[in-house]
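> My structure is below; once you've seen it, I'll send some questions.
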Amino acid sequence: MARHNQLGKAGEQAACDFLIAKGYTVRETNWRVGKLEIDIVAQEPQANRLHIVEVKTRSEDEHYDPMQSITKTKIRNLVNAANGYITFYQLKMTVQYDVMILIGKSPDFSIQFIPNAFQPPLRFCR
């Protein structure tokens, strides 16, 4: 496995551990529908809210904002994947899109959790 893939896997595991420690239930990791993927699907304790979590892992702070990689295309893909997940499991839940940024090396990641990092784009009908 390539070094960056190992870092990404370790980051996703640390992100799951972080969410579990906060009381979330991790329902899925790396869930796919077609070519789209959700890093983590989690659920809040005692809430009817599904969390779609995008994980960005970097080995060091390279003066690069990982949020820059959350482009309009990435948002559209996450929203479409979340819709696929909800449809597949026939869920009636609200959805929240979160981002986790992990910087460092396993197991000593610095973790930044950004709840409700973005809203799905609105579509207007004419």
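> Go through (1) in a helix (DSSP H, G or I); (2) open to solvent by 30 Å² or more (accessible area, probe 1.4 Å) one by one and return the number of the condition T29 breaks.
(1)
> Which of (1) of a type in the set (A, V, I, L, M, F, W, C); (2) open to solvent by 40 Å² or more (accessible area, probe 1.4 Å); (3) under 16 Å from the mean Cα position of the chain (by Cα) is the odd one out, the single condition L19 does not satisfy?
(2)
> Another question, then. Select from region 33-86 the residues that are open to solvent by 50 Å² or more (accessible area, probe 1.4 Å), without any contact (Cβ under 8 Å) to a residue 40 or more places away in the chain and not in a helix (DSSP H, G or I) and list them in ascending order.
Passing the criteria: K35, P45, Q46, E62, H63, Y64, D65, T71.
> Regarding region 90-106, can at least one residue be identified that is open to solvent by 40 Å² or more (accessible area, probe 1.4 Å), of a type in the set (A, V, I, L, M, F, W, C), under 21 Å from D17 (Cβ atoms) and without any contact (Cβ under 8 Å) to a residue 60 or more places away in the chain?
Scanning region 90-106, I find at least one residue that is open to solvent by 40 Å² or more (accessible area, probe 1.4 Å), of a type in the set (A, V, I, L, M, F, W, C), under 21 Å from D17 (Cβ atoms) and without any contact (Cβ under 8 Å) to a residue 60 or more places away in the chain, so the answer is yes.
The values are calculated or read from the model by the stated rules, or taken from the named source; none is laboratory data. Owing to the predicted nature of the structure, the values given are computational and were not obtained by experimental measurement. Every residue, glycine as well, gets a Cβ built from its backbone with ideal geometry; the counts of neighbours run over all protein chains shown. With ligands, DNA and RNA removed, areas are computed over all heavy atoms of the protein, side chains included. Shrake-Rupley method; radii C 1.70, N 1.55, O 1.52, S 1.80 Å.
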